[in-house]
1. Can we say Thr56 is open to solvent by 60 Å² or more (accessible area, probe 1.4 Å) and either modelled with pLDDT of 95 or more or more than 16 Å from the chain's Cα centre (by Cα) (or both)?
2. Among (1) more than 16 Å from the chain's Cα centre (by Cα); (2) exposed (fewer than 15 other Cβ atoms within 10 Å of the Cβ), there is one condition Val159 misses while meeting the rest; what is its number?
3. Do you know which residues across the stretch 69-86 are assigned to a loop (DSSP other than H, G, I, E, B) and either out of contact with any Ser or Thr (no Cβ under 8 Å at 6 or more places or on another chain) or modelled with pLDDT under 95 (or both)?
4. For the stretch 136-148, name all the residues that are under 16 Å from the mean Cα position of the chain (by Cα) and among the hydrophobic types (A, V, I, L, M, F, W, C).
5. Return yes when Pro66 is part of a loop (DSSP other than H, G, I, E, B), of a type outside the set (A, V, I, L, M, F, W, C), in contact (Cβ under 8 Å) with a residue 40 or more places away in the chain and open to solvent by 30 Å² or more (accessible area, probe 1.4 Å) and no when it is not.
6. Name the pairs whose Cβ atoms lie under 7 Å apart, with the first residue in the stretch 25-48 and of a type in the set (A, V, I, L, M, F, W, C), the second open to solvent by less than 40 Å² (accessible area, probe 1.4 Å) and in a loop (DSSP other than H, G, I, E, B), and 6 or more positions between them or separate chains?
7. Of Thr117, Thr169, which residue is touching a Gly at 6+ places or on another chain (Cβ under 7 Å) and farther than 30 Å from Thr49 by Cβ?
8. Does Arg151 fit the bill of being closer than 25 Å to Arg41 by Cα, at pLDDT below 95, open to solvent by 60 Å² or more (accessible area, probe 1.4 Å) and under 16 Å from the mean Cα position of the chain (by Cα)?
Amino acid sequence: PEAARETRTFIKAANGNSTWDRLAEYVEKQETSEEIFVINRSFDAPIETMFALWTTPEHLAQWLPPTGFTMQFHRVDIRTGGDGFFSMSNGEFTMYGRQQYVVVQRPDRLEYTQVFTDEHENLARHPGVPTWPETMHTTVTFTSEGPATTRVTVRWALVGDVSAEELATFVAERAGMT
């Protein structure tokens, strides 16, 4: 039992959930030939709280940006058919993006597409990774695992015509997306 506890501690410290995430990606590729990115995590919070953290702009801006960045919504309407325009900055450069909400289904599903833009909302490329695919489709599912525990699954898929170089970039950058 002690060795099992130590092993679990080691796996958890090494981001052990990633193994299951990579399995989900592998199975998807075997079944559909599609490259996706998956993150699954359980949180000690009720499903309504987790849904709110993804659909309340004030909350989303606090945790979504990469480390060292701040996020600001310039416009946001998080509902089916709504959209948003945001910026993320680290003081050295600012990236802009637009989201189109496809499905907002309280409390268990959120789907949106996302593109990078310039400050005027014109389509642009990722400022740090110019071969990043143009459009991403994000599906977030929320599953209650008990009264105060929620599993959140994030699935990213590529949209539209994707070049071999963009696909290679997407696959190579998975580790950084976790």
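1. When the stated conditions are applied, Thr56 does not pass them.
2. Status for Val159: all satisfied but (1).
3. Matches in the stretch 69-86: Phe69, Asp77, Arg79, Thr80, Gly81, Gly82.
4. Met136, Val140, Phe142
5. no
6. Short answer, once both residue conditions are applied: Ile47/Pro107.
7. Unique residue meeting the criteria: Thr117.
8. yes
The values are calculated or read from the model by the stated rules, or taken from the named source; none is laboratory data. A quick note: this is a predicted structure, and the numbers were derived from the prediction, not measured. When we count neighbours, we look across all protein chains shown, and the Cβ atoms used for this are built from the backbone with ideal geometry, even at glycine. Accessible surface is based on the protein model in full, side chains and every heavy atom, while ligands, DNA and RNA are left aside. Shrake-Rupley method; radii C 1.70, N 1.55, O 1.52, S 1.80 Å.
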